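Shown next, in structure tokens, is the structure this report addresses.
None of the figures in this text is laboratory data; all of them are computed from the coordinates on show. Here the structure is a predicted model, which means the values were calculated and not measured. Every residue, glycine as well, gets a Cβ built from its backbone with ideal geometry; the counts of neighbours run over all protein chains shown.
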Number of protein chains: 2
Amino acid sequence: MKRWPLPYPMYRALQLARNAALAGEVPVGAVITHGDKIIAEAYNSPRQSHDPTAHAEIQTIRAAAAFLGQERLGDCDLWVTLEPCAMCAGAIVHARIARVYYAASDPKGGAVECGARVFDQRQCLHRPEVYGGIGERESVTLLRQFFAERR
Amino acid sequence: MKRWPLPYPMYRALQLARNAALAGEVPVGAVITHGDKIIAEAYNSPRQSHDPTAHAEIQTIRAAAAFLGQERLGDCDLWVTLEPCAMCAGAIVHARIARVYYAASDPKGGAVECGARVFDQRQCLHRPEVYGGIGERESVTLLRQFFAERR
């Protein structure tokens, strides 16, 4: 059966998630694209960096905004291997990210299709286009492996 | 009529909010205390810093975690002049902040008593003690003045 290859940004985000696992961090990776160019990439690293806000999404948003020299990223898309949490969904709104592509859903910590559903709140000032499930199988495998090794 | 004086951390957070206004940023200030010591303070500065995540709360959480050299701030309290948004409420959860004191409610962007009510989600891993209304009058005056001058 033919399977479409992953779009390169999600392929790269999954590579970054693997790097997170190697560093002992929950394997989540993210990249931000501007047109067809990757302008920021990061993996989840709150332990290493002693920074509870150092999720992959927050790091890429900060790096992309610094790179473009502006507070808002309306022409940018975010690719991330796990459904964003409330903190990261809120940052996506503040940054005005155009599209969010994520791989695996996160019933325990997600806040897009699960939990706080940040983009669905009536007060939400910006709703990105959201596409879930791209690279889901690969991301779920990485996460399961990481937690299985730690049990 | 006697009025109790503000606790010093909120008085300081309001000073920081005034500094934000002077810098052309929405006037919000925050401090983090560890015992009776202020270990981090910041004002809202996304425009100045080209960083959509640079709310006062995120900056103080990052600074306090760096100062203590640990990802979690379970012995710390956050004092902020405006109800935290979804991004900041999520960061408060990740950091395991013990108590959150805030001055003014924010029906437009708040996510504690308004909107996404992040701490009330069933999936929420940590619920800080929350105290609203301390310094509310001072904070509302600052915010109204800031927006009135810009209309």
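Computed quantities for the displayed model
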item: Computed P(r) (all Cα pairs; chain A; 10 Å bins; percent); result: 12, 44, 35, 8, 0
item: Structure-based [θ]222 nm, chain A - -39500 (n - 2.57) summed over DSSP H runs of at least 4, per residue, nearest 500; result: -11500 deg cm²/dmol
item: Fewest-first ranking of B:49, A:45, using other Cβ atoms within 10 Å as the exposure measure; result: B:49, A:45
item: Built amide H within the under 5 Å cut-off of residue A:51, gap 5+; result: none
item: Whole-Hz ³J(HN,Hα) from phi, Karplus 6.51 cos²θ - 1.76 cosθ + 1.60, for the range B:46-54, glycine and proline x; result: x, 5, 3, 9, 6, 9, x, 9, 7
item: Copy-to-copy label separations for residue A:5, where each label sits 7 Å from Cα toward Cβ, in nm and ascending; result: 6.9
item: 0 to 90° range, to nearest 10: angle between helix B:136-149 axis and chain B longest Cα axis; result: 50 degrees
item: For the range A:58-74, Karplus couplings with θ = phi - 60° (6.51, -1.76, 1.60), whole Hz, Gly/Pro x; result: 4, 4, 5, 4, 5, 5, 5, 5, 5, 4, 7, x, 8, 6, 10, 10, x
item: Relative contact order, percent, chain A [alpha-carbon distance under 8 Å, six or more residues apart]; result: 20 percent
item: Crossing angle, helix B:86-95 versus chain B [Cα axis fit, 0-90 degrees, rounded to tens]; result: 40 degrees
item: Most mobile of B:73, B:82, B:125 in a GNM of chain B (Cα contacts under 10 Å); result: B:125
item: Stokes-Einstein translational diffusion, the range B:40-128 - Kirkwood Rh over all Cα pairs, 1.306 mPa s, 10 °C, in µm²/s; result: 121 µm²/s
item: Cα pair distances in the protein assembly as shown, grouped into 10 Å bins until the bin that holds the longest one, percent each; result: 7, 28, 36, 21, 7, 2, 0, 0
item: Across the identical copies, how the residue A:120 labels are spaced - nm, sorted shortest first, 7 Å along Cα→Cβ; result: 1.6
item: Cut-off 15 Å between beta-carbons: net charge of the residues surrounding residue B:149, Lys and Arg +1, Asp and Glu -1; result: +3
item: Label point 7 Å beyond Cα along the C-beta direction, distances from residue A:132 to other copies (nm, shortest first); result: 2.9
